[in-house]
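The structure appears below as structure tokens.
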Amino acid sequence: MMSTFLRWSLIVAGTASAAATPVAALGRDEGRDPAFLPRFAGAEIRRYRQPSLDEIVIPTGAVADAERPASVELLHGEVAHIDYRVEPAVAPLAVEQHYRKALQDAGYGIRFACRGAQCGPDMGVLILNSGRVAPSGLANGIFGDQIRVLVAQRGRDWVLMHVNVGPQAALVYVATVTDGVAPQ
């Protein structure tokens, strides 16, 4: 299990490297929602990284140790990242159900889903702070037991959704991978 000091060190390191990351904070409706994945009502895009050839780690099981996750897919493909904020806060279940239905309607199968403790103690660290999923400084996170993660796949296309909620806002991170393949 990761020590509290190491966990905070990762958070500080991710925050410090944010200035070097070419990700802009956006106003309402800037950036692009994937055509097959309509935005949750009331959500605003805060940060967006357009699709580009990249490498991403997609969790496919609970994450007990962000440095050595046991169940992940390492993919190369066209990766896009979107960080949304929904204010006032809504229940994570409502956000998950919205995206689950949209993904299933688009022909995606649910590969992995978890909530709260089922996700493992380091799921948020892996997705939001490791730099192996969300780019450093792109997505904001609230660490607590209100987390929900949904991973879906359609052929070689993948979607990862991470939602958590605080007292005033729900924060939603979405990564899409088009034509994702394992590196050779």
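The values are calculated or read from the model by the stated rules, or taken from the named source; none is laboratory data. If you're wondering where the values come from, they're calculated on a predicted model, not measured in any experiment. We place every Cβ from the backbone using ideal geometry, glycine too, and count neighbours over all the protein chains shown. Accessible surface areas use protein heavy atoms only, side chains included; no ligands, DNA or RNA. Shrake-Rupley method; radii C 1.70, N 1.55, O 1.52, S 1.80 Å.
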- [ ] Kindly list the number of the only condition in (1) touching a residue at least 24 places away in the same chain (Cβ under 8 Å); (2) open to solvent by 10 Å² or more (accessible area, probe 1.4 Å) that fails for Gln184.
- [x] (1)
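Residues are listed down the side, and each one gets a yes or a no for (1) closer than 22 Å to Leu75 by Cα; (2) open to solvent by 10 Å² or more (accessible area, probe 1.4 Å); (3) modelled with pLDDT under 95; (4) under 10 Å from the mean Cα position of the chain (by Cα):
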| site | (1), (2), (3), (4) |
| --- | --- |
| Phe143 | no, yes, yes, no |
| Gln146 | no, yes, yes, no |
| Val149 | yes, no, no, yes |
| Gly155 | yes, yes, no, no |
| Leu160 | yes, no, no, yes |
| Gln168 | no, yes, yes, no |
| Ala175 | yes, no, no, yes |
Task: Residue in the range 61-72 that is surrounded by fewer than 21 Cβ atoms within 10 Å (Cβ to Cβ) and under 23 Å from Glu44 (Cβ atoms) present - done: no
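Condition check ((1) of a type in the set (Asp, Glu); (2) touching a residue at least 60 places away in the same chain (Cβ under 8 Å)) across all residues:
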| position | (1), (2) |
| --- | --- |
| Glu78 | yes, yes |
| Val86 | no, yes |
| Val90 | no, yes |
| Leu93 | no, no |
| Gln97 | no, no |
| Arg100 | no, no |
| Cys114 | no, no |
| Gln118 | no, no |
Task: Residue match in the range 5-24 (condition: open to solvent by 40 Å² or more (accessible area, probe 1.4 Å), at pLDDT 90 or above and either of a type in the set (Phe, Trp, Tyr) or touching a helix residue (DSSP H, G or I) at 6+ places or on another chain (Cβ under 9 Å) (or both)) - done: no
- [ ] Among residues belonging to the range 84-119 that are hydrophobic (A, V, I, L, M, F, W, C) and over 16 Å from the mean Cα position of the chain (by Cα), point out the one that is surrounded by the fewest Cβ atoms within 10 Å (Cβ to Cβ).
- [x] Ala117
